[in-house]
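These notes are about the structure you will find just below.
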Amino acid sequence: QVQVTESGGGLVQPGGSLRLSCAASVSEGMYSFNNMGWYRQAPGRERELVAVIRYNNNIKYGDSVKGRFTISRTDATETVHLQMNSLNPEEPAVYYCKTVYEHGFGLAMSDFWGQGTQVTVSS
């Protein structure tokens, strides 16, 4: 399986910055990395895409964070960072890291989620 570990959540002031990190580790089985990204869910809201980076380094941002958040890879297959700048009061949420791996000889793709890390935007 693939284990996902998140870190970096916490309290930040409006307009402040925070960096989240996510690391994926394959403990057993044959898996091929496809992508890794961040999603967030605020109270009363659906879980939404924040940013995703793929194996080919293609990046997609959610419209609400374009120009403020940056996703990057420090490891080709395992570690992703999300730099969040200019955080708004309406953006407190639980941020979840999700990675997608191919397996089963390419016949399947599976999502592996972290448990979530809380980001609170408050003065």
Selection of GluC sites (Glu not before Pro), segment 51-109, meeting DSSP coil and at most 12 other Cβ within 10 Å: GLU90
Table column - 3J(HN,Hα) (Hz), segment 8-18, Karplus curve with 6.51, -1.76, 1.60, x for Gly and Pro: x, x, x, 9, 9, 6, x, x, x, 10, 8
Segment 112-122 - phi-based ³J(HN,Hα) in whole Hz, Karplus 6.51/-1.76/1.60, Gly and Pro as x: 10, 10, x, 7, x, 10, 7, 10, 10, 10, 7
Computed lengthening from TYR55 to SER17, 0.36 nm per intervening residue step minus Cα-Cα distance: 11.0 nm
D (Stokes-Einstein, µm²/s), Kirkwood Cα radius, segment 57-123, 1.002 mPa s at 20 °C: 152
Paramagnetic reach from PHE105 in segment 1-36 [backbone N under 18 Å; point 7 Å along Cα→Cβ]: 29-32
Longest site-free stretch - the chain; sites: chymotrypsin sites (Phe, Trp or Tyr not before Pro), DSSP loop, at most 16 other Cβ within 10 Å: 1-54
Using alpha carbons only: equivalent-ellipsoid semi-axes of segment 1-116, gyration tensor based, whole Å: 26, 14, 13
Loop-resident sites, segment 1-48, for GluC sites (Glu not before Pro), counting at most 10 other Cβ within 10 Å (DSSP): GLU28, GLU46
The chain - percent relative contact order, Cα under 8 Å, separation 6 or more: 36
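Give me the percent of the accessible area of segment 18-123 that comes from carbon and sulfur atoms, probe 1.4 Å, all protein chains in place.
Details: 2610 of 5740 Å².
Of the solvent-accessible surface of segment 18-123, carbon and sulfur hold 45 percent.
The values are calculated or read from the model by the stated rules, or taken from the named source; none is laboratory data. Just so you know, these numbers come straight off a predicted model, no measurement behind them. Virtual Cβ from ideal backbone geometry, glycine too; neighbours counted across all protein chains shown. Please note that ligands, DNA and RNA were not included when accessible areas were found on the heavy atoms of the full protein model with its side chains. Shrake-Rupley method; radii C 1.70, N 1.55, O 1.52, S 1.80 Å.
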